[in-house]
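The values are calculated or read from the model by the stated rules, or taken from the named source; none is laboratory data. These figures come from a predicted structure and were not determined experimentally. Because the Cβ atoms are built from the backbone with ideal geometry, glycine has one as well, and the counts that use them run over all protein chains shown.
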């Protein structure tokens, strides 16, 4: 397999730029690693699985290369129409990138979900696949060594004797080998001019980023079923009329959709206390993103069984 892969970059190579996708089962650390590589939050993170719903692109700028990171939903065996569409989104993304980073947590034994994804990646074709053993801060040296050996064995099992193009342990939390991951991925990028202007960290529209920040805040500390049932839509982002140039204010109106009244009650909380906390947390992130003060107006609505309704999925942006 490796003989047909692009050569690694050397000190004498010209500039390299390209696209790479981080994949793995839900909650494998993909979004956290994306943010660590970029150096700023561009992807939603949560302790709950399946929190990524869009392909968030993070852009890594270095002197000799540029990486465009495509953060996809976690690959999984779909149980709903939404789940199938998320898997289709991953498949479409993988067909277009230059290299794939397969995230496998260091603190969890390789299971059926990892094998399912590994076989899906093997079927993609001639793409370099780099195994990224994430969350190394959660295990000791012996456990990490055992996981690295297990990951290498999985690569040989699904790809043949050569296995993965590389295996890199990394911790996005404490920064361990984050830069090494960037260098390894960059080595598989094609020779190319710069693809995005220096300083640009993502090409996602502001409304998508705002929706992700609200969704992340809403998912903190809630029951397991809610992440799959929550969709966030930004209705408008408009300047407040009558404000002076030196004291601008943006009105941001956002709808949060759930599938059942009981889920609406979870989001709102007793006497609206939880929704206020969601608004306070999200507003801080949105103001940092947009660079100005924000009035955030949140409304929770019910869209019954939207994950299984094709029309509702289109309306909600899936």
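Annotations for the structure displayed:
- Against the conditions (1) in contact with a helix residue (DSSP H, G or I) (Cβ under 9 Å, 6 or more places away or on another chain); (2) in a loop (DSSP other than H, G, I, E, B), residue 254 satisfies every one except (2).
- Residues (assigned to a loop (DSSP other than H, G, I, E, B) and either free of Cβ contacts under 8 Å to residues at least 40 places away in the same chain or crowded, with 21+ Cβ neighbours inside 10 Å (or both)) located in the range 164-176: 164, 165, 170, 171, 172, 174
- A single member of 143, 152 is modelled with pLDDT of 90 or more, over 23 Å from residue 36 (Cβ atoms), out of contact with any helix residue (DSSP H, G or I) (no Cβ under 9 Å at 6 or more places or on another chain) and surrounded by fewer than 20 Cβ atoms within 10 Å (Cβ to Cβ), and it is 152.
- When 133, 181, 210 are checked against the criterion of being outside any loop (DSSP other than H, G, I, E, B), under 19 Å from the mean Cα position of the chain (by Cα) and either free of Cβ contacts under 8 Å to residues at least 24 places away in the same chain or not assigned by TED's automatic domain parsing to the domain that holds residue 64 (or both), 210 stands alone in meeting it.
- Qualifying residue in the range 271-288 (condition: at pLDDT 85 or above and at positive phi): yes
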